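Peer 1: Below is the structure I would like to discuss, written out as structure tokens.
The values are calculated or read from the model by the stated rules, or taken from the named source; none is laboratory data. Just so it is clear, the structure is predicted and the values come from calculations on it, not from any experiment. We place every Cβ from the backbone using ideal geometry, glycine too, and count neighbours over all the protein chains shown. The accessibility values were calculated without ligands, DNA or RNA, using every heavy atom of the protein model including side chains. Shrake-Rupley method; radii C 1.70, N 1.55, O 1.52, S 1.80 Å.
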Amino acid sequence: MNTAPRLHVEAIDLFERDVRLRMPFRFGVVTLTQAPQVFARVSIRLADGRSGTGMAAELLAPKWFDKNPALSNEDNFDQLRMALMAARDLYLGGSPATAFGQFAAHHRPQIGRCGALGLNPLVASYGPALIDRAVLDGLCRALGLPFHAVIRGNLAGIGAGDLVPDLERFDIAAFLQNLQPATHIDARHTVGLVDPITRAEQTQRVDDGLPETLEEVVAAYGQRWFKLKVGGKVAADVDRLARIAAVLDRIPGGYRSTLDGNEQYDSVEGVLDLWQAMADEPRLAQLCRSVVFIEQPIKRQAALAQPVAALAAFKPVIIDESDDGLDAFVRARAMGYRGVSSKTCKGLYKSILNRARCLSWNRGDGLADPLDGGAAAAAPDAPVPYLMSAEDLTIQAGLALQQDLALVSLLGITHVERNGHHYVNGMAGLPAAEQQAFLAAHGDLYEFSHGAVRVRIDGGRLALGSLSGPGYASGAAPLWESMRPMPEPAAPRPLPVVT
């Protein structure tokens, strides 16, 4: 077995560029029209002198990490910048360690430093989430190996330790070794709260040649997986879902869906009211059957303080925004939740460890897990296996998209929420040379159409073969000179506490 090399983080540079949406995206309490995307460039050096420069990117998304209504979008951007600066200082001041060891050494200090600035743990995790991916990319490049080989060989040094003591007896090395990179993954289309369903209900069109309505998305991309947002008002949600179902029910061969509550409910009883109303509506019969899980319906302040067994009796319930710490999934399990989301903005190591938990718990309960060879037949009254979903935060084409796809597909997840390609006009805002570099390196994942390089979705699927080259899933690099240095964040201001 190869030993995970120790590395020193020598430099961390942070940059930004603006992203403008072609269509507004309404989720939870925000309608997103523009936001910066942040990039990390990290230089690492191994003990034997080999070095590598790694890269990563992530959107500075407002009103997801901290939904305090007193905060403006700019306040949210600055919160995430503060988390990045805190993490940068810790990683640059740290001692040599494995790639995972860097994360483990700085996890608690990062939470503490950010807490002193009034930043919640979800915000705090954003900094290491970006830097860890760039560090791992640098390690892959120093070793001349692809991401999947580094993870499967545990050359990142991933372990339980005192951060995740519940996995102390679980064979993480064997779990990693058994992971297999996939060649394709299904793209699960997000239907936002203000997205047009049919052309008839549009009062204004973008008219850029790309799909705008749900009808047009289905026709253009052939997708069979959908993520449906609900807004917390039962009558309005049922009416909108019925209009969605009128489109989806026409798909030959059927479809599957997930329901996203985005913390719009105060209690499980409110979500049960929605589900009962959906079940009572004949127009939603097929849609109800299609739902495979319900994602984070209850506000994070209450989500893990009340059992969700009554709702989980109908459909598995998973956490997303409540996944604010390395023990959150453990606490959620005790309340009846059956799954957790993977999101690159929450950290790749958290995703890996939570996927290991799913496998460990499923084996312990005698439940089938896809990583053990597929879904075996289960007794009618058997519990639903623990699951990990793959969710999106308006991930952009390029580094962010590719690294997320490489991670979730390696973890055995077969469908992933994708919405960045729908709300943003591909790479249209990037320099032509950068667009062509990514197209040349990843011609299976991208195409040139409607004047720009963009994600290629064929038959509802994304091709992943080109992500298996040396490095963390990218054979091209952004043009750093086209970006601006990440600005210094404004000092946090006192705010009222949200209850």
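Peer 1: Quick one: how many residues across the range 278-297 are part of a helix (DSSP H, G or I), open to solvent by less than 30 Å² (accessible area, probe 1.4 Å) and farther than 14 Å from PHE226 by Cβ?
Peer 2: 1
Peer 1: Same structure, new question: Could you say which residue among ASP171, ASP166, ASP195, ASP162 is buried (at least 18 other Cβ atoms within 10 Å of the Cβ) and acidic (Asp, Glu)?
Peer 2: Sole residue among the options that is buried (at least 18 other Cβ atoms within 10 Å of the Cβ) and acidic (Asp, Glu): ASP195.
Peer 1: Here is a check on your reading of the model: is LEU462 part of a strand (DSSP E or B), under 22 Å from the mean Cα position of the chain (by Cα), of a type in the set (A, V, I, L, M, F, W, C) and surrounded by 19 or more Cβ atoms within 10 Å (Cβ to Cβ)?
Peer 2: So LEU462 fits the description; yes.
Peer 1: May I pose another question? For the range 242-264, give me each residue that is open to solvent by less than 20 Å² (accessible area, probe 1.4 Å), in contact with a helix residue (DSSP H, G or I) (Cβ under 6 Å, 6 or more places away or on another chain) and not in a loop (DSSP other than H, G, I, E, B).
Peer 2: ALA242, ALA245, VAL247, SER257
Peer 1: Could you grab the pairs with beta carbons closer than 9 Å, sequence gap of 6+ or different chains, first residue in the range 352-366 and of a type in the set (Phe, Trp, Tyr), second one assigned to a helix (DSSP H, G or I)?
Peer 2: Close Cβ pairs satisfying both conditions: TRP361/ARG333.
Peer 1: Next question, about the same structure. So, in the range 276-293, exactly how many residues are under 11 Å from ASP249 (Cβ atoms) and either touching a Phe, Trp or Tyr at 6+ places or on another chain (Cβ under 8 Å) or in contact (Cβ under 8 Å) with a residue 12 or more places away in the chain (or both)?
Peer 2: 5
Peer 1: Considering each residue of the range 166-185, count those that are assigned to a helix (DSSP H, G or I) and hydrophobic (A, V, I, L, M, F, W, C), and give that number.
Peer 2: The number of residues fulfilling the criteria is 6.
Peer 1: Ok, one more. Condition test on ALA97, is it over 22 Å from the mean Cα position of the chain (by Cα) and free of Cβ contacts under 8 Å to residues at least 24 places away in the same chain?
Peer 2: No: the conditions fail for ALA97.
Peer 1: Which of the residues that make up the range 198-239 are over 27 Å from ALA279 (Cα atoms), open to solvent by less than 20 Å² (accessible area, probe 1.4 Å) and acidic (Asp, Glu)?
Peer 2: Listed by number, the list holds a single entry, GLU212.
Peer 1: Something else about it: Here are VAL330, VAL291: which of them is within 23 Å of the chain's Cα centre (by Cα) and more than 28 Å from ARG169 (Cβ to Cβ)?
Peer 2: Only one candidate passes the filter, namely VAL291.
Peer 1: When only residues in the range 109-127 that are within 27 Å of ALA142 (Cβ to Cβ) and of a type outside the set (Phe, Trp, Tyr) count, which is most open to solvent (accessible area, probe 1.4 Å)?
Peer 2: PRO109
Peer 1: Is one or more of the residues making up the range 475-495 outside any helix (DSSP H, G or I) and closer than 30 Å to ALA356 by Cα?
Peer 2: yes
Peer 1: Which residue is nearest to TRP480 (Cα to Cα), if the candidates are limited to the range 422-436 and must be among the aliphatic types (A, V, I, L, M) and open to solvent by 40 Å² or more (accessible area, probe 1.4 Å)?
Peer 2: ALA433
Peer 1: Here is a follow-up. Return the pair list, or none, for Cβ contacts closer than 7 Å from residues in the range 249-263 that are within 24 Å of GLY28 (Cα to Cα) to residues that are in a strand (DSSP E or B) and modelled with pLDDT under 95, at least 6 apart or on different chains.
Peer 2: ASN262/PHE27
Peer 1: Taking the range 437-457 as the region of interest, how many residues are open to solvent by 30 Å² or more (accessible area, probe 1.4 Å) and either under 28 Å from VAL135 (Cβ atoms) or in contact with a helix residue (DSSP H, G or I) (Cβ under 8 Å, 6 or more places away or on another chain) (or both)?
Peer 2: Result for the range 437-457: 8.
Peer 1: Filter the range 128-142 down to residues that are open to solvent by less than 10 Å² (accessible area, probe 1.4 Å) and charged (D, E, K, R) and give me whichever is farthest from the chain's Cα centre (by Cα).
Peer 2: The residue in question is ASP137.
Peer 1: Now a separate question. Where in the range 340-428 are there helices (runs of 4 or more DSSP H), lying wholly inside it, with at least 3 residues that are closer than 17 Å to TYR472 by Cβ?
Peer 2: In the range 340-428, 348-364, 399-410 are the helices (runs of 4 or more DSSP H) which contain 3 or more residues that are closer than 17 Å to TYR472 by Cβ.
Peer 1: State which residue is nearest to the chain's Cα centre (by Cα) when the search covers only the range 315-325 and only residues that are farther than 14 Å from GLY261 by Cβ and surrounded by fewer than 22 Cβ atoms within 10 Å (Cβ to Cβ).
Peer 2: Checking each candidate, the answer is ASP324.
Peer 1: Return yes or no: is PRO487 open to solvent by less than 20 Å² (accessible area, probe 1.4 Å), under 25 Å from ILE131 (Cβ atoms), out of contact with any Lys or Arg (no Cβ under 6 Å at 6 or more places or on another chain) and at pLDDT 95 or above?
Peer 2: Considered against the rule, which asks whether it is open to solvent by less than 20 Å² (accessible area, probe 1.4 Å), under 25 Å from ILE131 (Cβ atoms), out of contact with any Lys or Arg (no Cβ under 6 Å at 6 or more places or on another chain) and at pLDDT 95 or above, PRO487 comes out as no.
Peer 1: Which ranges mark the strands (runs of 3 or more DSSP E) fully within the range 1-106 that have 3 or more residues being touching a Leu at 6+ places or on another chain (Cβ under 7 Å) and closer than 23 Å to LEU326 by Cα?
Peer 2: Correct list: 51-59.
Peer 1: Still on this structure, please answer the following. If you check THR499 against the conditions, is it modelled with pLDDT of 95 or more, β-branched (Val, Ile, Thr) and open to solvent by 40 Å² or more (accessible area, probe 1.4 Å)?
Peer 2: It is false that THR499 is modelled with pLDDT of 95 or more, β-branched (Val, Ile, Thr) and open to solvent by 40 Å² or more (accessible area, probe 1.4 Å).
Peer 1: Find the residue count for the range 129-165, including only residues that are part of a helix (DSSP H, G or I) and either of a type in the set (Phe, Trp, Tyr) or at pLDDT below 95 (or both).
Peer 2: Total meeting the criteria: 1.
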